[in-house]
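Trainee: Dumping the structure here so I can ask a few things about it.
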Amino acid sequence: MSRSERKSDHIRLALETGQQRKTGLDDIRFVHQSIPESSLNSINLKTEIGGLVLSSPIFINAMTGGGGEKTLEINRSLAQVAKETDIAIAVGSQMSALRNQEERRTFEVVREEYPTGIVFANLGSEATVDQAKAAVDMVQANALQIHLNVVQELAMPEGDRDFRGMLLRIERIINELNVPIIVKETGFGMGKETIEKLFSIGVSAVDVGGFGGTNFAAIENQRRLNKLSFFEDWGIPTAVSIAEARYMSPTYPIIASGGIQTSLEVVKGIALGANAVALAGYILRVLTDQGPEVLIEEINNIKQELTIIMTALGAETVKELHHTPLIISGATWHWLTQRGID
Ligand code: FNR
């Protein structure tokens, strides 16, 4: 199976497998404020990631790579939706398009549809400096995402087996490119140890890509006979992962993602310490089930609800939301306590 066929398989299987709703965000509750001293009209959703100013903290995370008319049309729709709702968008892995010129259209269409938007390029950690530069050029990207997907590779029969040198390759890309470099997980989360390594090489931001939403172990297991079922419950839940990342630095830009679908989950992600929040599987589901118009409505609705929740909490900005009191219970509390995070 070619890389491109595998990618369209991923879209189908991601939709079939669905989102797991195990992010741990249900363990987070806000403390109601009866005298919040806020006003709905004063809420400011602006945020900053690695020097890029985003007008809203939510963005569309990397999904469709590979070639084919269907992926191109999904990317075109996603770019149109991002433009219409004024949010940033990441493209899916561009590696196959770097190897096969014909697939470039799948990605170029995103920049064509959204000439003034914030667009993130995307490659895996196997990328060289030259490939990273080419991926950025292909979509005139404002930043480059480098994804980490060790468990997915191990679960793929044709996947990588040698994970040495990842950090060094990422460091070279950071040193040689002149756009911000965001390192992201793809649904298994990041803990303190990983975050520390990434901070030490000077990444511009980390996207924790937590466990609890799209599950690539489950997706890959559908494609194999001898299933690695132990990987399906493997990973650091999104809520824990955000808290671990924020614990490692009070200031580093952190992106929350992994299973996020609602405005309340977005606000919880920010309150735990994220500067921005990315949605992937849920966006794809709404687009394919209900179409771009409904997706635009849904994103605008999430943005509107963010302002309502922030008003209730008395937090008029993303920065103020970082200081809102919250209660952490259940497995998330156990996890953070054992990891020495309070
Ligand atoms: C992805 N994801 C992904 N990530 C990445 O960095 N490069 C990629 O090419 C892809 N491809 C991809 C395809 C499909 C169909 C899905 C659903 C997802 C991972 C994605 O960006 C995200 O990290 C995870 O899906 C977890 O977030 P959600 O889906 O739970 O919101």
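Coordinate-derived values only; no laboratory data. Worth saying up front: this structure is predicted, and the values here are computed from it rather than measured. So basically every Cβ, Gly included, is an ideal-geometry build from the backbone, and we count neighbours across all protein chains shown.
Trainee: So for the chain, taking the charge dipole from beta-carbon charges (+1 Lys/Arg, -1 Asp/Glu), which of Val31, Val208, Asn61 sits furthest toward the positive end?
Mentor: Val208
Trainee: Work out, step by step, the length gained on full extension between Glu196 and Ser39: first 0.36 nm times the residue separation, then minus their alpha carbon distance; give nm to one decimal. Provide the component values of the computation, followed by the final result.
Mentor: Details: separation 157, 0.36 × 157 = 56.52 nm, distance 3.82 nm.
Gain on extension, Glu196 to Ser39, equals 52.7 nm.
Trainee: Please state the charge dipole magnitude for region 9-56, taken about the Cα centre, from unit charges on C-beta atoms (+1 on K and R, -1 on D and E), reported in debye and rounded to the nearest 20.
Mentor: Rounded to the nearest 20 debye, it is 60 debye.
Trainee: What residue among Gly18, Gly202, Gly66 has the largest mean-square fluctuation in a Gaussian network model of the chain, using Cα springs under 10 Å?
Mentor: Gly202
Trainee: In whole angstrom, and with the biggest value first, how far do the Cα coordinates of region 1-103 range along each principal axis?
Mentor: Between the extreme Cα coordinates on each principal axis of region 1-103 lie 59, 30, 23 Å.
Trainee: Now a separate question. Specify which residue in the list Pro180, Gly330, Leu167 is farthest towards the positive end of the charge dipole of the chain, using unit charges on the beta carbon of Lys, Arg (+1) and Asp, Glu (-1), about the Cα centre.
Mentor: Value computed over the given set: Leu167.
Trainee: Return the loop-located trypsin sites (Lys or Arg not before Pro) in region 131-190 (DSSP other than H, G, I, E, B) with at most 13 other Cβ atoms within 10 Å of their own Cβ; answer none if there are none.
Mentor: Arg161, Arg164
Trainee: Okay, moving on. What does the convex hull of the alpha-carbon atoms of region 117-156 project to on average, in nm²?
Mentor: One quarter of the hull surface, i.e. the mean projection, equals 3.1 nm².
Trainee: Starting from the Cα of His334, step 7 Å along the direction of its Cβ; do the same at Gln222; then give the gap between the two resulting points in nm.
Mentor: Modelled inter-label distance: 3.0 nm.
Trainee: For the pair Glu126 and Asn300, how long in nm is the line joining their label points, each one 7 Å along Cα→Cβ?
Mentor: 4.2
Trainee: So how far, in whole Å, is the C-alpha centre of region 131-186 from the one of region 202-219?
Mentor: Computed from Cα coordinates, the inter-centre distance equals 13 Å.
Trainee: Related question: What is the dipole size for region 182-307, taken about its Cα centre, with +1 at each Lys and Arg Cβ and -1 at each Asp and Glu Cβ, in debye to the nearest 20?
Mentor: For this selection, approximately 300 debye.
Trainee: Roughly what would the spin-label model give for Lys70 and Ser229, points 7 Å off Cα along C-beta, in nm?
Mentor: Spacing of the two 7 Å Cα→Cβ label points: 2.8 nm.
Trainee: Next question, about the same structure. Using a cut-off of 19 Å between alpha-carbon atoms, which lysines can reach Lys7, once sequence neighbours fewer than 8 places away in the same chain are excluded?
Mentor: Lys70, Lys184
Trainee: Moving to a separate point now. Could you give the length gained by full extension between Asp162 and Arg12, i.e. 0.36 nm per residue of separation minus their alpha carbon distance, to one decimal place? Numbers along the way, then the final one.
Mentor: Details: separation 150, 0.36 × 150 = 54.00 nm, distance 2.76 nm.
Full-extension gain reported as 51.2 nm.
Trainee: Could you rank the peptides 154-160, 258-264 by their average count of other C-beta atoms within 10 Å per residue, with the highest value first?
Mentor: 258-264, 154-160
Trainee: Determine how many Å³ per residue the convex hull of the Cα atoms of region 196-323 encloses.
Mentor: 124
Trainee: Now a separate question. Quick one: length gained pulling Val53 to Asn100 fully straight, 0.36 nm per residue minus the C-alpha distance?
Mentor: Stretched out fully, the Val53 to Asn100 stretch lengthens by 13.6 nm.
Trainee: Right, here's the next one. When the gyration tensor of the chain is built from Cα positions, what are the square roots of 5 times its three eigenvalues, in whole Å, from largest to smallest?
Mentor: Semi-axes, largest first: 29, 23, 20 Å.
Trainee: Now for a separate question. DSSP beta bridges in the chain, what fraction antiparallel, as a percent rounded to 5?
Mentor: The answer is about 20 percent antiparallel.
Trainee: Now a separate question. Along the positive direction of the dipole of region 78-163 (beta-carbon charges: Lys, Arg +1; Asp, Glu -1; about the Cα centre), which of Gln94, Leu123, Ala143 reaches farthest?
Mentor: Farthest towards the positive pole: Ala143.
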